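The next block holds one structure in the form of structure tokens; read it before the comments.
The values are calculated or read from the model by the stated rules, or taken from the named source; none is laboratory data. Here the structure is a predicted model, which means the values were calculated and not measured. Glycine also receives a Cβ, built like all others from the backbone with ideal geometry; neighbour counts cover every protein chain displayed. These accessible areas exclude ligands, DNA and RNA; they are computed on the full protein's heavy atoms, side chains included. Shrake-Rupley method; radii C 1.70, N 1.55, O 1.52, S 1.80 Å.
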Amino acid sequence: MIAGLYLPGDGWIHGLSAPVKLGFMFFTGLTIVVISHVSVMVLLTISVGFIFSVVAGLGFKRLWLSTRPLLIWVLAILLAQLWLVSAEAAVLISLRLVTLVWVATLVTYTTRLSEMSDVLAAMCSVLRPLGVNPERIAFLIALTIRLIPSVFDIVRDVRDVQKARGLERAYIAMFVPALTRLLRESDALSDALTARGFERWGDKR
Amino acid sequence: MISIDHVTVRLQSRVVLDDLALSLTEHRIGVIGDNGSGKSTFAKLLNGLLLPDHGTVTVDGFDTRSDGKKVRSRVGFLFQNPDNQIVMPTVAEDLALGLKPLRLDGDVLRQRISDTLERFSLSHLADRSAHLLSGGEKQLVALAGVMIAEPDILVCDEPTTLLDRRNAELVMKTIADLPCTVIVVTHHVEHLDSFDRVLVLDKGRISHDGAPDCAIPLYLGPLS
């Protein structure tokens with residue numbers, strides 16, 4: 001589940017609150033572990049796929065796109081389980097993995113990062129007596145997740161530049177400019193957060 | 001009013017700003033100068049993002065050193081690169097971030113976001129991914145994200161440098177229409193024609209200070 005990939009929509013799953021969706025994800029995760037019959041697991045997988053593509057309106061294409069990166073892992077697990085345990089266990093564990101990823105992706109696509117962040121803040125509020133600011137903790141977690149694609153962008157840019165210079169496999173030559181850019185970007189982000197009042201979040205009105 | 005009292009800033013051993021003393025009271029102020037003249041450092045001094053090594057900077061009587069939070073709640077800052085300023089994934093969420101310090105209730109928060117989006121003609125982008133917008137749209141989102149907190153003063157550090165001519169003009173027109181005091185650091189001197197005052201920085205000192213029709217030709221020199 002990568003927050004920050006929210007897709008706007010007006011379906012009823014989009015309208016559900018973040019705690020409900022996270023609760024659904026948690027409950028489904030537990031159910032998946034408990035189910036031991038392949039037929040029941042197949043039914044659950046189909047149901048989750050239907051909710052993802054039809055009920056939430058995300059479509060079969062997105063369902064496939066969220067499954068595709070998993071296929072190599074699913075295949076590896078399937079073969080290992082076939083060899084080590086049984087065909088039934090292989091199918092069961094593969095379906096569990098796919099279903100869990102579908103549920104997590106469904107929550108990601110239909111929930112705003114800010115809503116997710118509010119849930120995290122509520123969960124962290126038990127730490128308030130210890131002097132912890134839950135809003136800041138939640139924001140920092142959300143920000144970290146949100147910045148993952150930016151880090152990949154920087155590394156890709158630097159790799160392209162080095163490629164253009166004929167240094168395709170010079171990993172050290174890539175590391176230094178990438179690190180320099182990351183440090184510069186984090187400095188700029190820190191300035192932007194300060195300018196936008198991040199330091200005043202914990203203040204009483 | 002911003003008051004700069006004999007301010008010197010050093011970065012490592014280099015003097016970036018050298019004993020500046022001036023008051024900024026005009027509604028529209030432009031700051032120009034060559035690369036490395038200290039323009040961005042000057043801008044960052046005005047809301048306490050950077051503190052002087054010597055001297056003081058005060059905004060409405062609040063010292064940036066001791067009252068940084070109060071200063072920053074009065075002085076908004078627009079950065080050159082909106083990608084560094086836009087933090088949240090969607091436009092509406094990023095605007096909401098600017099209101100976090102105010103802890104507004106849900107309905108009031110939503111209304112304020114909606115009003116601000118409308119004011120900057122961004123309503124149609126509310127749920128769009130901010131990082132997938134065009135450069136001009138991103139800079140307007142960044143501007144809206146600052147202005148939603150209703151600062152008294154807006155400092156813009158080269159807000160049009162990364163934009164094409166059409167988007168640069170759109171952003172500068174939007175900035176020109178703002179009701180608050182605006183201080184713009186820029187290379188694009190043509191945007192400062194209607195400003196009240198232009199400061200020219202050269203090697204960390206104010207080399208010219210006056211109305212645009214006086215200061216800009218002096219800065220451009222024989223090129224103009």
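Before moving on, here are some points about what is shown:
- Taking the DSSP beta bridges with both ends in chain B, the antiparallel portion is around 55 percent.
- The accessible area of A:Ile46, taken with all protein chains in place and a 1.4 Å probe, comes to roughly 110 Å².
- Cα long-axis angle, helix A:171-195 against chain A (0 to 90 degrees, to the nearest 10): 70 degrees
- Among B:Arg103, B:Arg28, B:Arg205: highest mean-square fluctuation, GNM of chain B, C-alpha pairs under 10 Å: B:Arg103
- Coil-residue trypsin sites (Lys or Arg not before Pro) of the range A:127-198, DSSP, other Cβ within 10 Å capped at 15: A:Arg165, A:Arg169
- Accessible-area ranking of A:Asp187, A:Asp157, largest first, probe 1.4 Å: A:Asp187, A:Asp157
- Solvent-accessible surface (1.4 Å probe) assigned to A:Phe152 amounts to roughly 140 Å².
- Gyration tensor analysis over the Cα atoms of chain B returns equivalent ellipsoid semi-axes of 30, 21, 15 Å (largest first, whole Å).
- Between the range A:36-87 and the range B:79-113, the C-alpha centres lie 37 angstrom from each other.
- Gyration tensor (alpha-carbon) shape descriptor, the protein assembly as shown, a/c threshold 1.5: prolate
- Distances between every pair of Cα atoms in the range B:66-125, grouped in 5 Å steps from 0 to the bin holding the largest one, split as 4, 15, 21, 27, 21, 9, 3, 1, 0 percent.
- Partner lysines for B:Lys44 [C-alpha distance under 30 Å; skip if fewer than 8 residues away on the same chain]: A:Lys204, B:Lys69, B:Lys70, B:Lys100, B:Lys138, B:Lys173, B:Lys203
- Summing charges over all other residues whose Cβ lies under 9 Å from the Cβ of B:Gly55, with Lys and Arg as +1 and Asp and Glu as -1, gives -3.
- Normalised by 2.2 N^0.38 Å, where N is the number of residues, the alpha-carbon radius of gyration of the range A:49-101 equals 1.28.
- Helix A:87-110 and the long axis of chain A differ in direction by around 40°, with both axes built from C-alpha atoms.
- Centroid-to-centroid separation of the range A:116-150 and the range B:185-224 [C-alpha atoms, Å]: 45 Å
- Measuring with a 1.4 angstrom probe and ignoring ligands and nucleic acids, A:Phe139 comes out at about 10 Å² accessible.
- Where only DSSP H runs of four or more residues are counted, chain B gives -9500 deg cm²/dmol as its mean residue ellipticity at 222 nm, each run worth -39500 (n - 2.57).
- Percent RCO, i.e. relative contact order, over chain B, from Cα pairs under 8 Å lying at least 6 residues apart: 26 percent
- Measuring nothing but how far apart in sequence close Cα pairs (under 8 Å, 6+ apart) lie, relative to its length, chain A scores a relative contact order of 25 percent.
- Among the DSSP helices (H) of chain B, those spanning at least 15 angstrom by Cα along their long axis with an average Kyte-Doolittle hydropathy of 0.0 or more are B:135-147; this is a geometric and hydropathy rule only.
- Cα-based equivalent ellipsoid, the range A:119-205: semi-axes from gyration tensor eigenvalues, Å: 37, 14, 9
- When the Gaussian network model of chain B links Cα atoms closer than 10 Å, the mean-square fluctuations of B:Lys44, B:Lys203, B:Lys100 top out at B:Lys100.
- Angle in degrees between helix A:71-84 and the longest Cα principal axis of chain A, rounded to the nearest 10: 50 degrees
- For chain A: rounded, prolate or oblate by the Cα gyration tensor [a/c cutoff 1.5]: oblate
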